[in-house]
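Enquirer: Let me begin by handing over the structure; questions about it come next.
The values are calculated or read from the model by the stated rules, or taken from the named source; none is laboratory data. Owing to the predicted nature of the structure, the values given are computational and were not obtained by experimental measurement. Neighbour counts run over all protein chains shown; Cβ positions are idealised from the backbone, glycine included. Please note that ligands, DNA and RNA were not included when accessible areas were found on the heavy atoms of the full protein model with its side chains. Shrake-Rupley method; radii C 1.70, N 1.55, O 1.52, S 1.80 Å.
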Amino acid sequence: MTAPWGPPIDVLPLLVREEQALIGVLSDLRTPEWARPALGEWTVHDLAAHVLGLKLRRLSRDRDGHFADGTSWVSACRQLSPEVLFAMLVDSTTQLTELWKHRDLDEPAAAPLWLTVARDYAEQWVLQQQIREAAAAPLLDDPEFRTPVVDTFLRSLPQALRAVTARAGRQVTCSVEGAGRWTLRATAVGWTIDRGAARSRSPLASLATDADAFWRWCSGTLPAAEASARVQVSGDPAVCEILRGRGGRGCLSRFSPR
């Protein structure tokens with residue numbers, strides 16, 4: 001039986017390259033440019049601090065077994081100079097890759113570890129895009145970097161559709177130009193997702209958009225007017241409501257500043 005979250009997404013080969021790309025962008029910034037507005041009330045400095053915090057918390061929890069609550073990380077990092085923050089980011093580079101290289105990412109669990117790694121990668125990639133846009137730098141938008149992010153966002157749909165009752169075999173299609181196609185299928189015990197076009201000529205519902213619009217929509221940064229034009233959802237009303245809920249930070253709510 002296919003797992004509800006679908007086949008593994010292998011982002012391990014991309015982790016260090018994504019980190020190094022971010023370091024490259026930040027290394028070109030002059031000190032005043034770290035204060036550029038980026039996302040809401042956050043600056044480039046704040047987004048970089050958030051990236052660092054995500055990495056250090058993951059290392060602390062999954063490598064060192066240290067669990068602690070804290071919500072003031074970005075505010076605290078405002079006391080750090082760009083030079084100090086940059087040095088800490090450089091020091092953290094490759095540590096997560098080393099952690100995951102020695103773990104079984106397919107080990108049985110409520111959700112596989114590879115999905116956790118893919119979600120972390122997706123979040124950090126989106127944050128890097130937001131830093132790049134604020135810094136007027138080219139996006140890290142090659143399909144090899146972007147497609148796993150789209151794929152990861154879509155893996156939230158089987159869980160989101162769990163309240164929808166449909167005859168086994170009914171399908172929901174997702175077509176993302178520049179990334180590929182995915183199909184969700186109803187089974188006797190829930191929904192599953194896999195890469196590839198639907199076999200049904202009359203899917204229960206469908207979503208069609210492009211990769212750039214999709215990641216912005218899922219991270220809550222695509223303006224509503226653009227979303228209505230660039231993200232098309234049609235079919236069963238209950239399913240469409242859930243699909244539309246993937247926008248506005250619906251896929252990974254952790255993307256919002258906090």
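Enquirer: Does Trp125 fit the bill of being surrounded by 11 or more Cβ atoms within 10 Å (Cβ to Cβ) and in contact with a Phe, Trp or Tyr (Cβ under 8 Å, 6 or more places away or on another chain)?
Expert: yes
Enquirer: Go through the residues of region 67-81 one by one and say whether even a single one is buried (at least 19 other Cβ atoms within 10 Å of the Cβ) and within 18 Å of Glu19 (Cα to Cα). So that I can check it myself, show each step before the final result.
Expert: Of region 67-81, the ones buried (at least 19 other Cβ atoms within 10 Å of the Cβ) are 74.
Imposing the further condition that a residue be within 18 Å of Glu19 (Cα to Cα) reduces the set to none.
So far as region 67-81 goes, no, none of its residues is buried (at least 19 other Cβ atoms within 10 Å of the Cβ) and within 18 Å of Glu19 (Cα to Cα).
Enquirer: Say we look at region 135-153 and pick out the residues that are aliphatic (A, V, I, L, M) and in a loop (DSSP other than H, G, I, E, B); which of these is surrounded by the fewest Cβ atoms within 10 Å (Cβ to Cβ)?
Expert: Ranking the candidates gives Ala136 first.
Enquirer: In addition: Would you tally the residues in region 9-54 being at pLDDT below 95 and surrounded by fewer than 18 Cβ atoms within 10 Å (Cβ to Cβ)? Before the answer, list the steps.
Expert: To start, the set of residues in region 9-54 that are at pLDDT below 95 comprises 39-41.
Still in the running and surrounded by fewer than 18 Cβ atoms within 10 Å (Cβ to Cβ): 40-41.
Here the count works out to 2.
Enquirer: Follow-up. Can you tell me which residue among Arg61, Arg103 is under 30 Å from Gly190 (Cβ atoms), in a helix (DSSP H, G or I) and open to solvent by 50 Å² or more (accessible area, probe 1.4 Å)?
Expert: None of the others qualify; the one that does is Arg61.
Enquirer: For region 154-185, enumerate the residues that are assigned to a strand (DSSP E or B), of a type outside the set (S, T, N, Q) and open to solvent by less than 60 Å² (accessible area, probe 1.4 Å). Give the derivation first.
Expert: Step one: of region 154-185, the residues assigned to a strand (DSSP E or B) are 171-177, 180-185.
Subset that is of a type outside the set (S, T, N, Q): 172, 174, 176-177, 180-182, 184-185.
Matches in region 154-185: Val172, Cys174, Val176, Gly180, Trp182, Leu184.
Enquirer: Something else: Could you identify the single residue in Gly40, Gly65 that is closer than 30 Å to Pro223 by Cβ and of a type outside the set (A, V, I, L, M)?
Expert: Checking each option against the conditions leaves just Gly40.
Enquirer: Scan region 186-223 residue by residue and report those that are in contact (Cβ under 8 Å) with a residue 60 or more places away in the chain, of a type outside the set (S, T, N, Q) and surrounded by 22 or more Cβ atoms within 10 Å (Cβ to Cβ).
Expert: Selection gives Ile193, Phe214, Trp215, Cys218.
Enquirer: Return yes when Arg119 is under 30 Å from Arg199 (Cβ atoms) and charged (D, E, K, R) and no when it is not. Please lay out each step first, then the result.
Expert: Numbers: under 30 Å from Arg199 (Cβ atoms): yes; charged (D, E, K, R): yes.
Answer is yes for this residue.
Enquirer: Tell me, which residue of region 36-63 that is touching a residue at least 60 places away in the same chain (Cβ under 8 Å) and in contact with a Phe, Trp or Tyr (Cβ under 8 Å, 6 or more places away or on another chain) is farthest from Val90 (Cα to Cα)?
Expert: Thr43
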